[in-house]
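Everything on this sheet refers to the single structure shown next.
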Ligand SMILES: NC(=O)c1ccc[n+]([C@@H]2O[C@H](COP(=O)([O-])OP(=O)(O)OC[C@H]3O[C@@H](n4cnc5c(N)ncnc54)[C@H](OP(=O)(O)O)[C@@H]3O)[C@@H](O)[C@H]2O)c1
C-alpha cells in the first residue's frame, strides 16, 4: 500500500506503540497516536514534525468504549496496547487476573477493531495490524493468561483475514520477541510462581534462561518499528511476522518444527536435574 491517509495506533504513550506512531508518520501517514493519558504524548507531534511527519495525540483507553473515536479515512489500525504481568503458576492464578488481561489484550482490541472496520472499508481498504507475541509459539510456563490473550488475538486475525480480504483490508499479526520497553524491563525478575515450592525450581530455571537469552537479543523500539512499518506497507507480507531477530528466527523455526518437538525441547530443559 502507499503511505497515505490516516493511521491510528493504540498504546502510543511509550514503548513499541510510540515508536510505531513516529515511524508511520515519518513514512507519510497522518498518524493519530492514542493513549490513556494524552499528556504522555505531549512531545510527539513536534518529534514527528522534526522527521517531516504529521501526528496528533488523542485519548483512547481500550477498556473504555466511550473513549474510542475512529477517524474518517482510516487506512491503518495498529492494535498495540497491551498488558503482561503478573505470572503465578496456573493453579495459583485468580480468575480476576485472567479477566483483567483479557479486558485489555482481547476485549479492548475487539471493540476498537469492530468500530474501525467500517472506516477502513470506507477508505477503500487498508491494513489491520495486531500486536501479539512470539511467546505464543513456545510452551512458556507461568504466562498462561498473557499467552492465551495473545493466542486469542492470533485466532481473531485468521477469522478477520477471511472476512475482510474481499474488502481490501489486509491482516497483519506482529509477534515481537524482546523489545527494549518498560514491559520487557518489568519481566526481568523471577515469575511469581517461584513463591509456590512446587514450581520454585522451574521458575528459577526459567528466569536463568531468560537472563541468558533476552539481554543479548533485545531490539530497540526504533528498529522494531521500522520492520513493522515495512510490513504494513508491503502488500506481499505474510500475515504473521516478527519485528526483531529473535522473533523472526522463532517464526521461521515454528513453521518447520512439530509442536511435539518444540514442547520436548522446552519442557526437557525446564525439568532437567541441575
Ligand atoms: N516489549 C516486548 O518485548 C514485547 C514482546 C512481545 C509482545 N509485546 C507486545 O507489544 C505491545 C506493546 O508492548 P510494549 O513492550 O511497548 O509495552 P509497554 O512499554 O508496557 O507499553 C504498553 C502500552 O500499552 C498501553 N496500554 C496499556 N493498557 C492500555 C489501555 N487500557 N488502553 C490504552 N493503552 C493501554 C500503555 O499505556 P500507559 O502508558 O497508559 O500505561 C503503553 O502505551 C503489547 O501488546 C505487548 O504485549 C511486547
Set 57, 62, 106: member being within 13 Å of the ligand (Cβ to nearest atom) and in a helix (DSSP H, G or I): 106
Condition met for residue 125 (modelled with pLDDT under 95 and at positive phi): no
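Would you mind finding the one in 184, 164, 160 that is part of a helix (DSSP H, G or I), within 7 Å of the ligand (Cβ to nearest atom) and free of Cβ contacts under 8 Å to residues at least 60 places away in the same chain?
Checking each option against the conditions leaves just 184.
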Members of segment 2-21 that are surrounded by fewer than 24 Cβ atoms within 10 Å (Cβ to Cβ) and part of a strand (DSSP E or B): 6
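Going by the structure shown, is residue 85 within 20 Å of residue 151 (Cα to Cα), in a loop (DSSP other than H, G, I, E, B) and modelled with pLDDT under 95?
yes
Identify the residue in segment 71-102 that is under 21 Å from residue 233 (Cβ atoms) and within 15 Å of the ligand (Cβ to nearest atom) and, among all such residues, is surrounded by the most Cβ atoms within 10 Å (Cβ to Cβ). Outline the logic, then answer.
At the first step, the residues of segment 71-102 found to be under 21 Å from residue 233 (Cβ atoms) are 71, 73-80.
Adding the requirement that they be within 15 Å of the ligand (Cβ to nearest atom) leaves 77-80.
Numbers: 77: 27, 78: 30, 79: 27, 80: 25.
Filtering first and then ranking leaves 78.
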Residue match in segment 209-230 (condition: over 19 Å from residue 154 (Cα atoms), modelled with pLDDT of 95 or more and assigned to a loop (DSSP other than H, G, I, E, B)): yes
The one condition in (1) away from the ligand (no atom under 13 Å from the Cβ); (2) part of a loop (DSSP other than H, G, I, E, B); (3) surrounded by 15 or more Cβ atoms within 10 Å (Cβ to Cβ) that residue 47 fails to fulfil: (2)
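The values are calculated or read from the model by the stated rules, or taken from the named source; none is laboratory data. From a predicted model like this one, the values you see are computed outputs, not experimental measurements. All Cβ positions, even for glycine, are placed from backbone atoms using ideal geometry, and neighbour counts span all protein chains on display.
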